[in-house]
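A short write-up of the structure that comes next.
Please treat every number below as a calculation from the coordinates, not as lab data. Quantities reported herein were computed from a predicted structural model and do not represent experimental measurements. Because the Cβ atoms are built from the backbone with ideal geometry, glycine has one as well, and the counts that use them run over all protein chains shown.
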Amino acid sequence: MGIKSFQGARRQQTKEADNTPLKISDYMTTSLITFKIDQSIENVMQTLVNSRISGGPVVNDKNELVGIISETDCMKQISESRYYNMPMQDQTIEKYVTKNVDTIDGNMNIFDAATKFIQSKRRRFPIVKNGKLIGQISQSDVLKAAMKLKGQNWDK
């Protein structure tokens, strides 16, 4: 007499389960509000406020990423203009753009991206492919992805 298993029949894992979209590229934002290095600081601040965003990528005419401008960067300009008693009109964002920008690979999974967000304390990462800006992933995009996947096995 053999040993009986009380676990019952196990369902075989199918290949379809491995196709669950976990890549950043499946959740990134592709229609981005971008800025140019020679835009006025006032114009950028107005866009940030009107669009209810906290920052965005700065690109050149070839759509290559040259930096990021954020609310904090704009705050630096506001602070300096008061300190030096200089009006903001005609000031461009060039001096305030963060130029050494960390990007994220569109093929990275959302769990590794979550870890990268925690470690870097960043709110967004641009995604570049062949030198061109193709999208951006934010912390809220990762949260939305996690909510879509709730109830599924996350140990992929």
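Quick notes
- Among F117, F35, a tally of other beta-carbon atoms within 10 Å of each Cβ gives an order, fewest to most, of F117, F35.
- Above-threshold pairs, the threshold being 30 Å between Cα atoms, out of K23/K62; K36/K150; K62/K116: K36/K150
- Projecting label points 7 angstrom from Cα along Cα→Cβ for S54 and A146 puts them 1.5 nm apart.
- N130-K36 FRET efficiency (beta carbon distance; Förster radius 25 Å; 0.05 resolution): 0.75
- You can think of it this way: the chain between T92 and I118 has 6.2 nm of extra reach, that is 0.36 nm per residue less the Cα-Cα gap.
- Relative contact order of segment 22-149: 32 percent, from C-alpha pairs under 8 Å at least 6 residues apart in sequence.
- Under the shape rule built on the C-alpha gyration tensor, where the axes satisfy a ≥ b ≥ c, segment 22-149 is prolate, since a/c reaches at least 1.5 and a/b is greater than b/c.
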